[in-house]
1. Is there a quick way to get the dipole size of the stretch 1-124? I mean about its Cα centre, with the Cβ of Lys and Arg at +1 and of Asp and Glu at -1; what is the value in debye to the nearest 20?
2. Could you list, in their original order, any pairs among LYS141/LYS186; LYS278/LYS506; LYS34/LYS186; LYS22/LYS229; LYS195/LYS415; LYS125/LYS273 whose Cα atoms are separated by more than 18 Å?
3. Could you pull out every residue, at least 5 positions away or on a different chain, whose amide H is within less than 5 Å of the one on TYR246? Hs are placed 1.01 Å off N in the peptide plane, and Pro or chain starts have none.
4. What do you reckon, how do MET341, MET260 stack up by accessible area (1.4 Å probe), largest on top?
5. Ignoring ligands, DNA and RNA, what percent of the accessible area of the stretch 151-298 is carbon or sulfur (1.4 Å)?
6. Given the Cα-Cα distance of ALA419 and LYS273 and 0.36 nm per residue of separation, how much length would full extension add, in nm?
7. Antiparallel as a % of all DSSP beta bridges within the chain, to the nearest 5?
8. What do you get for the angle between helix 288-302 and the principal long axis of the chain? Use alpha-carbon atoms, 0 to 90 degrees, nearest ten.
Amino acid sequence: MNIETDYLVIGSGIAGLCYALKVAEHGRVLIVTKGDISETNTDYAQGGIASVTYEPDDFETHIHDTLVCGAGQCDLAAVEQVVKNAPARIKELIGWGAKFDKDKKGRYELAREGGHTYHRILHHKDITGHEIERTLVRQVKRHRNIEILEHHFAVDLLTQHHLGQLVKKNTPDITCFGAYVLNLKKHEVYTVLAKVTVLATGGVGNIYHTTTNPSVATGDGIAMVHRAKGVVKNMEFIQFHPTSLYHPGERPSFLISEAMRGFGAVLRTQDGKEFMHKYHPMGSLAPRDIVARGIDNELKISGEEYVYLDITHKNHRDVIDHFPNIYEKCLSIGIDLTKDMIPVVPAAHYCCGGVAVDLNGCSSIRHLYALGETSCTGLHGANRLASNSLIEAAVYAHAAAEHSMSIIDSIELQKDIPAWDYEGTTIPDEMALITQNYKEMQQIMSNYVGIVRSNVRLERAKRRLEIIYKEAEELYLKSTLSQHLCELRNLIAISYLIIKHATARKESVGLHYSLDYPPLKHEEK
Ligand code: FAD
Ligand code: SIN
């Protein structure tokens, strides 16, 4: 079946939905999303959304904090674009119905997180992402120009390759004509033809066995661009959040927001000792990469499986008021955080790299935009400043909407794309193989390409991954499409890119820390 649309949006988190709402004023929009509409990283976001709101905060300081955290690898133009446009995008979210907490005087109550000079994080209790997603879903569902296909999985981008041409990395003007999309309920593949295609497919957390990301975060958009010969960059910069709840067997790992450390919580080893001042003058509120490495190091020294986060010294009522969701979650497993310390471990959390885009969200492939966590705008550099990603998604969705609306009238649909070829494939009866390969991939990445890396570890990871890659490709060629098989294939491509980019970087910087290139002491701080 062929479907035609003006704007094809793949993904229904903050990036995809903000974009859809804007371009829907100008043409037909089709949103495809592989799960229920709200199953997104966005829905899980806790701490909040960063924006300069009141003095003494100002744009210069937010820019400075972002650049410092990014360890010299940020793109200044991207940083300025996000920081300076943030207040307008916040106003828009509020206009659409998002509610951020206010104090008794009616002023927004701003939180603080690691690496921020000032309190500048707008939030809705400790479930900010859920509030934003709720608001946007309500708006898109009401819009008559927007059609939503849940449980539809984008498999591959359509390019000249599907017209029988040889497409290589250096082919000029690779162009996107839409995507093949698998209807997960009917097991049919649709050819979706679009004038403009937008990848807003989120993160990659599931390459590791401990992650805060929901199961939809399998790097599909980035892998699709890689296969379509587009440019992907900075994949070595995977952010591990220092404090996910230690609760073995639970996936995703439940996050204990950094806002709790902003509120005064302190990290301690199991014998009760504060340890972060050994690693950084900001102690428990140091930038995330340093805190995650500090915890990793303490766990290696002690041989223990977790450290503690301690908030028991703060006013109990205030803590429960600010973190009701975290309080309830901990209570549900027998931890009363007003009395007990919380066991925490680092978990894979955010991908700073992704599809390379310009200031309008344009990728290297014509008529293809990438937004949100799937993209690499240059904002985060080698390490993302907390709560900068929701705002990045909103700002770039706006820029991409403006840009795509300005070019769409000159774009024709490409109607010569052939239907999906089902020939020669059998139903995969190899589910056990897929599951086993998935686990092996997570093991390889967690053991050898985690918080601390080395040349030997990367080389070993590459060799092990090659075996799984070959097996998965063989399976893919002989099987009908299934979501699990496609995701496995995408995750292997992402793992390959991380290993490749990490191997190419001959230094320790930000989130990429290699034992072979120890940073100079002053660079660590
Ligand atoms: P997502 O919200 O992840 O949406 C991706 C969408 O793409 C989903 O709908 C998914 O189903 C769909 N999709 C993926 N692949 C396919 C496919 N092949 N076909 C069809 N659909 C597909 N950031 C902050 O700024 N502040 C915070 O406080 C914060 N807290 C966080 C807490 C947690 C626990 C987590 C996990 C992240 C947090 N982040 C936070 C990061 C932030 O939430 C994400 O970076 C951001 O929400 C990403 O938005 P997105 O729209 O790019 O992707
Ligand atoms: C958190 O609440 O700690 C997450 C913030 C973020 O990832 O930006």
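1. Numbers: 13 positive and 18 negative charges, 74 e Å.
Result for the stretch 1-124 is approximately 360 debye, rounded to the nearest 20.
2. Too far apart for the 18 Å limit: LYS141/LYS186; LYS278/LYS506; LYS22/LYS229; LYS125/LYS273.
3. Counting only residues 5 or more places away or on other chains, the set is VAL344, VAL345.
4. Values: MET341 55, MET260 0 Å².
Ranked list, largest accessible area first: MET341, MET260.
5. Values: 2510 of 4720 Å².
Within the stretch 151-298, the accessible surface is 53 percent carbon and sulfur.
6. On the way: separation 146, 0.36 × 146 = 52.56 nm, distance 6.26 nm.
Length difference between fully extended and current span is 46.3 nm.
7. 60 percent
8. That works out to roughly 70 degrees.
The values are calculated or read from the model by the stated rules, or taken from the named source; none is laboratory data. As the structure is a prediction and not an experimental result, all values here were calculated from the model. Cβ sites come from the backbone with ideal geometry, for glycine too, and all protein chains shown count toward neighbours. Heads up: the accessible areas ignore ligands, DNA and RNA and are worked out on the full protein's heavy atoms, side chains in. Shrake-Rupley method; radii C 1.70, N 1.55, O 1.52, S 1.80 Å.
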